[in-house]
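**Student:** A single structure is presented below for examination.
The values are calculated or read from the model by the stated rules, or taken from the named source; none is laboratory data. Everything quoted here is computed from the prediction, not taken from an experiment. No Cβ is skipped: glycine too gets one built from the backbone with ideal geometry, and neighbour counts run over all protein chains shown. Heads up: the accessible areas ignore ligands, DNA and RNA and are worked out on the full protein's heavy atoms, side chains in. Shrake-Rupley method; radii C 1.70, N 1.55, O 1.52, S 1.80 Å.
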Amino acid sequence: MNIVEGLIKGDRRALARAISLVENEDSSKNEILKGVYTHTGKAYIIGFTGSPGSGKSSLVDKLVSVIRREGLTVGIVAIDPTSPFTGGAILGDRIRMQEHTEDKDVFIRSMGTRGSLGGLSRATKDAVQLLDAFGKDIVIIETVGVGQSEVDVVKNADTTVVVLTPASGDSVQTIKAGIMEIANIFVVNKSDLPNADRTRTEINLMLDLDNKKKEWRPPIISTISLTSEGIEELWEELKKHRQFLEEGDRLAAIRRERVKREIVDYMEHIIKSRLWEKISGTTLFEKTIEKISQRDLDPISGAEKVLERVNLDNHEFPE
Amino acid sequence: MSKERKIRVLVAKPGLDGHDRGAKVVARALRDAGMEVVYTGLHQTPEQVVEAAIQEDVDVLGLSILSGAHMTLFPRVKELLEENNAGDILLIGGGIIPEEDMEELKEKGYAQALFTPGIPTDEIVEWIRNAMESKTSSA
Amino acid sequence: MFKEDKLNEIKKERQRWEEETLPKFKNRDAKFVTVSSKPIKPLYTPEDIENLDYQEDLSFPAEYPYTRGVQGNMYRGRLWTMRQFAGFGTAKQTNERYKYLLKHGQTGLSVAFDMPTIMGYDSDHPRSVGEVGRCGVAIDSLADMEVLFDGIPLEKVTTSMTINAPAAILWCMYIATAEKQGVPSTQIGGTIQNDILKEYIAQKSWIFPPKPSMRLITDIFKYACEHVPRWNTVSISGYHIREAGSTAAQELAFTLADGFAYVEAGMNAGLDVDQFAPRLSFFFNAHIDFFEEIAKYRAARRIWARKMKEKYGAKDPRSLLMRFHTQTAGCSLTAQQPENNIVRTAFEALSAVLGGTQSLHTNSMDEVLALPSEKAVRIALRTQQLIAHETGVPNTIDPLAGSYFVEALTDELEREAEEYFRRVDELGGVLEAIDQGFFQYEIADAAYRYQKEIEENERIIVGVNDFVIEEPLEVELLKIDPETEREQARHLKELRENRDNEKVQKLLAEMQEAAKGEDNLIPYILEAVKAYATEGEIIGAFKEVFGEYKEQPIF
């Protein structure tokens, strides 16, 4: 049985292996992704982001309990940072997701951020597709931090939850504007701590400022992951947002946009690798580099010159 | 176009003891050697450990046991790996394990390698790298 | 301590010596740091203790700030209690070991429980498989506790029980056992470790989240005040913090921070500080760095006394003086050439005695390999007896006081601890610092640094990274019969068949109700225990109300 067949038939090992192969950019990656694509599109995708220490993993753990009570199956992609110095990573999100480690209908996969920004976003998207094709009803992406890469990662989600805590130094102003704008739902976790009200107020103020006649105003939910307080409410709000998106063609439009981004991405990727294949090691390319280094030529003109000689319009794009 | 393949290791603490100093030192050393280390947290059942190893598609599963339950836990984990068609995952371990028990565990194939307290973490890194090399070259 | 002109003269001379004499002697290639990586100077002089005030900083034994010791005549009055931690297999097997130890001159008992007991699972629980009776004795119900102390008069011995998350339950079993022997609870004495904070920080044997755990502890404080006045209700433990890889300063600081957290919890629960503080005791690690350890104990006594008096307003001298138990460092022992561990343990034990410990456990040489054998346990006990009776060390009190080096180190450790207290306060207190992983990260970092130092040969561990020999292991090891597990399971089955199950269910339900409110839970637990409810059943009932704790992912 090949890996795609196994995955579609519900073999967990095949799914796990497939995620590794696409994450590692293995030569079989494209075949796998092509093979599963027609089986995707059924899962609902939720993204969780927020500063480190905001308790996202525990929150996801508790949320999964609520989701499981409705009989829905869940896939989780949990992302932790890779050390830029050693390339290694300690992936510890499972520690906080103990309640479901024996539940065969919950599949948790830890991923390191590894190399490039774009790479992580792509790997996450691929992993989500595989979990979708595997048949998970809900797929959750949990990412650490509040940088650009997180914004890119959660762009793969249908609904994005931003988790904040009232703890000092975590006030709304310190969170990058980009991350606040992608939120469909805000969670103030550890809301039993002092200053929880202030955090809510700050979020509200920010939402008031940014009222460009939006049809969906992100709700703010207070939770305490330790006692599961507010988790049911979070799930209800998630469902509401899903309903909102499914009304009319909002969700379809979002997903169409995503497909567009995806295909552009692939095209860029393909062109890049073809271009690289053609120019790398050629004397033309090496000489141009040399000229630019000697300040005999500027890089812009250099790029134009090299591209003039490379025919990207040849038979590789017949139609 | 295959990139350099990352070695993935699951560091697991099955059983009830909470002595995780060794597990954490090893996890850090493996990370510093460029590996991806998934840590399960404490107090895991063999079922939880094996399920995690499968979902995370790890190459190596390392058990840290200091409670004396090694003669029960290693065979059980190995058995569950086989049952789940994951017998190819390398099973290694460390902790307070008397030498004759170590011999027995290795002889019966319940563990590929066992490391005693005090062993340099480099040796564990080295062992994993060598084992992975011979695994991929024979595959 | 010194006149200013004299000090100036010493300073000048020291500088001269450093320039003229010292450079003539070449250092060998080594790092001169403690086991905690603290740099040590080549020489200490009166300059290093110029601010030391004898009365204020040292004073006299049994007098504030107790730096020199808590008893007026120290070991001239009574030697430290030689308390060897023991327990394995069934209650019956351990009972025999206790009788053996008492016969060989041990003066107090110390119970090691197996992991299922420590984690609140009965022996027949699926999670207990392979662990019953391994690291200690398996106790499931009052029936086992009765066997454990069969023939041992509980009004005569004191018993220390290493139990934390389920401490209230095991304590109730002990009280009930004494009662059955006809000994009222007011006459029994001993210690329960009952230090949940260090579980979250280092040892990781937790069950419930911090808040309900702290409530159980203050319930114990209150109950003990009235009914078990001779009991040490918590043994605030640095031992495990150190074993997890901390430095000496971290052990000192985190342990005392925990101690202050318990004091605050007791006071917040409405108790007067002098009502419960005299029953707080401590438990430290005796690691291998001789002088650093001695300084640590001395600093600990001084900090505790000062804070209790100045910050918490304690008036009873017994609230100010810190009594502590010491155990030699398990983590300093090596699997290689295990006989060397006898020597390590001896030095460590000596530091504890010189540091003024009230009781001492010496590790057995084979502990790093398996449960200790009888011979190894005897040698460990003999090590203490040797120190007590042959070395002459106990003849005088705090013999290292006034050493430029030891006093300077004592000061330095106190300062480092104060700095940690400040950081913990900034984070919002001990519970908040635990929640943020502060202690856990500090310890993990120190542990990793230490390991790296060994691997890079910056630190020599004899027999491990130098002086290595190839040798077959010839240590006699104690093995636990797998029959223990089956036997315990059989006992449990019989117990559940023969007790009044209806009564057990009713008492457990009442206890759960009480857990939801604010009643003291000890009387409820005691009733359930007396009806032979098992530990697992009681813990299970509490879990439904309190929930379970999850660890912080800190590396």
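**Student:** Can you list the lysines whose alpha carbon sits under 29 Å from that of C:Lys103, skipping same-chain ones fewer than 8 residues off?
**Tutor:** C:Lys92, C:Lys156, C:Lys180, C:Lys375, C:Lys479
**Student:** Continuing with the same structure: For the range A:259-310, please report how many Lys pairs fall under 23 Å Cα to Cα, leaving out neighbours fewer than 8 apart on the same chain.
**Tutor:** Number of lysine pairs found: 9.
**Student:** Run the quick spin-label model on A:Met267 and C:Asn8: label points 7 Å from Cα toward the beta carbon, then report their separation in nm to one decimal.
**Tutor:** It works out to 8.7 nm between the two label points.
**Student:** A further question follows. State whether the range C:192-324 is rounded, prolate or oblate according to the following rule on the C-alpha gyration tensor (a ≥ b ≥ c being the square roots of its eigenvalues): a/c under 1.5 gives rounded; otherwise a/b larger than b/c gives prolate, and the remaining case gives oblate.
**Tutor:** Oblate shape, in that a/c is at least 1.5 and b/c is the bigger or equal ratio.
**Student:** Let me ask something additional. Go ahead and run the numbers for FRET between A:Glu308 and A:Lys214, Cβ-Cβ distance against an R0 of 56 Å, rounding to 0.05.
**Tutor:** Efficiency, from the Cβ-Cβ distance: 0.75.
**Student:** Assuming R0 = 51 Å, what is the FRET efficiency of B:Glu107 and C:Glu50, from their Cβ-Cβ distance, to the nearest 0.05? The partial results should precede the final answer.
**Tutor:** On the way: r = 65 Å, r/R0 = 1.27.
With a Förster radius of 51 Å, E is 0.20.
**Student:** Sort C:509-522, C:409-422, C:10-23 by the packing proxy (mean of other Cβ within 10 Å over each peptide's residues), most packed first.
**Tutor:** C:409-422, C:509-522, C:10-23
**Student:** Run through the DSSP bridge list for the protein assembly as shown and note the antiparallel percent, rounded to the nearest 5.
**Tutor:** 5 percent
**Student:** Of all trypsin sites (Lys or Arg not before Pro) in the range C:144-228, which ones are in loop regions per DSSP and have a Cβ with at most 12 other Cβ atoms within 10 Å?
**Tutor:** Listed in order of number, the matching sites are C:Lys156.
**Student:** Still on this model: Between C:Val462 and C:Arg486, what's the calculated FRET efficiency when r is the beta-carbon distance and R0 is 56 Å? Round to 0.05.
**Tutor:** 0.85
**Student:** Also, quick follow-up: Nothing charged except the Cβ atoms of Lys and Arg (+1) and of Asp and Glu (-1): what's the magnitude of the dipole of the range A:1-154 about its Cα centre? Round to the nearest 20 debye. Mind showing how you got there, number by number?
**Tutor:** On the way: 19 positive and 20 negative charges, 25 e Å.
For the range A:1-154, the charge dipole is close to 120 debye.
**Student:** For A:Ser110, which sequence-distant residues (separation of 5 or more, or a different chain) have an amide H within less than 5 Å of its own amide H, given hydrogens modelled in the peptide plane?
**Tutor:** Under 5 Å from the amide H of A:Ser110: A:Ala78.
**Student:** While we're on this one: Once label points are set 7 Å from the Cα along Cα→Cβ at both C:Glu418 and C:His227, what is their separation, rounded to one decimal in nm?
**Tutor:** So the two model labels end up 4.3 nm from each other.
**Student:** Output ³J(HN,Hα) for the range A:47-52: one whole-Hz value per residue in order, computed from phi by the Karplus curve 6.51 cos²θ - 1.76 cosθ + 1.60 with θ = phi - 60°, and x for Gly and Pro.
**Tutor:** Once rounded to whole Hz, the list reads x, 10, 9, x, 5, x.
**Student:** Now, a different point. Quick check for me: using +1 on Lys/Arg Cβ and -1 on Asp/Glu Cβ, what's the dipole size of the range C:455-551 about its Cα centre, in debye to the nearest 20?
**Tutor:** Values: 13 positive and 26 negative charges, 176 e Å.
It works out to roughly 840 debye.
**Student:** Right, another one. Within 10 Å of each Cβ in C:124-137, how many Cβ atoms from other chains are there, averaged over the peptide? Display every interim value, and only then the final one.
**Tutor:** Details: counts 0, 0, 2, 5, 3, 7, 15, 9, 1, 1, 8, 7, 1, 0.
Whole-number average of other-chain Cβ neighbours for C:124-137 is 4.
**Student:** Among A:Gln129, A:Val163, A:Met180, which residue has its Cα furthest toward the positive end of the charge dipole of the range A:40-249, with +1 on Lys/Arg Cβ and -1 on Asp/Glu Cβ?
**Tutor:** About the Cα centre, the residue reaching furthest to the positive side is A:Gln129.
**Student:** Also, I was wondering about something else. Under the rule a/c < 1.5 gives rounded, and otherwise a/b versus b/c splits prolate from oblate, where does the range C:54-455 land using the Cα gyration tensor?
**Tutor:** rounded
**Student:** Considering only protein heavy atoms and a probe of 1.4 Å, how much of the accessible area of the range C:54-455 is carbon and sulfur, as a whole percent?
**Tutor:** Whole-percent figure for carbon plus sulfur exposure: 52.
**Student:** Another one. Using a 1.4 Å probe, what is the accessible area per residue for the range A:40-249, in Å²? Working shown, then result.
**Tutor:** Values: 7940 Å² over 210 residues.
Per residue, the range A:40-249 has an accessible area of 38 Å².
**Student:** Still on this model: Under a point spin-label approximation (7 Å from Cα along Cα-to-Cβ), what is the A:Ile289-A:Asp103 distance to one decimal in nm?
**Tutor:** According to this spin-label approximation, the distance is 5.2 nm.
**Student:** Per-residue Cβ counts within 10 Å, from other chains only, averaged over B:21-33: what number is that?
**Tutor:** 6
**Student:** Convert each backbone phi in the range A:150-164 into a coupling constant with the Karplus relation 6.51 cos²θ - 1.76 cosθ + 1.60 (shift: θ = phi - 60°), then list the ³J(HN,Hα) values in order as whole Hz, x for Gly and Pro.
**Tutor:** Taking θ as phi minus 60°, the curve returns 5, 4, 4, 5, 6, 5, 7, 9, 7, 10, 10, 10, 9, 9, 10 Hz for the range A:150-164.
**Student:** Can you tell me which lysines have their Cα less than 21 Å from the Cα of A:Lys136? Leave out same-chain residues fewer than eight positions away.
**Tutor:** Cross-link targets: A:Lys9, A:Lys29, A:Lys34, A:Lys42, A:Lys56, A:Lys62, A:Lys104, A:Lys125, A:Lys155, A:Lys239, A:Lys240.
**Student:** Output the antiparallel fraction of DSSP beta bridges having both residues in chain C, as a percent to the nearest 5.
**Tutor:** 5 percent
**Student:** Looking at the range A:40-249 from every direction and averaging, what is the projected area of its Cα convex hull in nm²? All intermediate terms of the calculation are to be shown ahead of the outcome.
**Tutor:** Details: hull surface 46.8 nm².
Projected area, direction-averaged: 11.7 nm².
**Student:** Return the sequence-ordered ³J(HN,Hα) values of the range C:436-441 in whole Hz as given by the Karplus equation 6.51 cos²θ - 1.76 cosθ + 1.60 applied to θ = phi - 60°, using x for Gly and Pro.
**Tutor:** 8, x, 4, 4, 4, 5
**Student:** Any idea of the total accessible area buried by the B-A contact, 1.4 Å probe, rounded to 100 Å²? Let's see the in-between values first.
**Tutor:** Details: alone 7910 and 17300 Å², together 22340 Å².
Summing both chains' loss of accessible area gives about 2900 Å².
**Student:** OK, next. Give the total of Lys-Lys pairs in the range B:8-138 with Cα-Cα distances below 15 Å; include a pair only if its members are 8 or more places apart or on different chains.
**Tutor:** Counting lysine pairs in the range B:8-138 gives 4.
**Student:** Could you tell me which GluC sites (Glu not before Pro) in the range A:76-144 are loop residues by DSSP with no more than 15 other beta carbons within 10 angstrom of their beta carbon?
**Tutor:** Sites meeting the loop and neighbour criteria: A:Glu102.
**Student:** Also, quick follow-up: Would chain B count as rounded, prolate or oblate if I go by the C-alpha gyration tensor, calling it rounded below 1.5 in a/c and otherwise prolate when a/b exceeds b/c, oblate otherwise?
**Tutor:** Values: a/c = 1.40, a/b = 1.27, b/c = 1.10.
Note, shape of chain B comes out rounded.
**Student:** Here is a further query. Run the dipole for chain C about the Cα centre, Lys and Arg Cβ at +1, Asp and Glu Cβ at -1, nothing else charged, and hand back the magnitude in debye, nearest 20.
**Tutor:** Charge dipole, chain C, about its Cα centre: 1140 debye, nearest 20.
**Student:** Related question: With a 10 Å cut-off between alpha carbons and a GNM built on chain A, which of A:Ser222, A:Ser149, A:Ser28 moves the most?
**Tutor:** Among A:Ser222, A:Ser149, A:Ser28, the largest mean-square fluctuation in the Gaussian network model of chain A belongs to A:Ser28.
**Student:** I'd like to know which of A:Thr227, C:Thr162, B:Ile96 lies farthest towards the positive end of the charge dipole of the protein assembly as shown, counting +1 on Cβ of Lys and Arg and -1 on Cβ of Asp and Glu.
**Tutor:** A:Thr227
**Student:** Could I ask something else about it? Along the Cα-to-C-beta direction of C:Phe25, a point sits 7 Å from the Cα; which residues of the range C:384-406 have their amide N less than 17 Å from that point?
**Tutor:** Residues C:404-405 fall inside that zone.
**Student:** Just checking the output field for A:101-114: average partner chain Cβ neighbours within 10 Å of each residue's Cβ? Mind showing how you got there, number by number?
**Tutor:** Numbers: counts 10, 5, 1, 1, 0, 2, 3, 5, 4, 10, 3, 7, 0, 3.
Counting other chains' Cβ atoms within 10 Å and averaging over A:101-114 gives 4.
**Student:** Give the cross-link partners of C:Lys38 among the lysines, using a straight C-alpha distance below 19 Å as the criterion and excluding same-chain residues fewer than 8 apart.
**Tutor:** Hits, sequence-local ones excluded: C:Lys296, C:Lys452.
**Student:** Moving to a separate point now. Given H placed 1.01 Å from N in the peptide plane, which residues other than close sequence neighbours of C:Phe113 have an amide H under 5 Å from its amide H?
**Tutor:** Amide H neighbours of C:Phe113: C:Val137, C:Thr162.
**Student:** How high is the relative contact order of chain A, in percent, with contacts defined as C-alpha pairs under 8 Å that are six or more residues apart? All intermediate terms of the calculation are to be shown ahead of the outcome.
**Tutor:** Working: 457 pairs, mean separation 55.1, N = 319.
The value is 17 percent.
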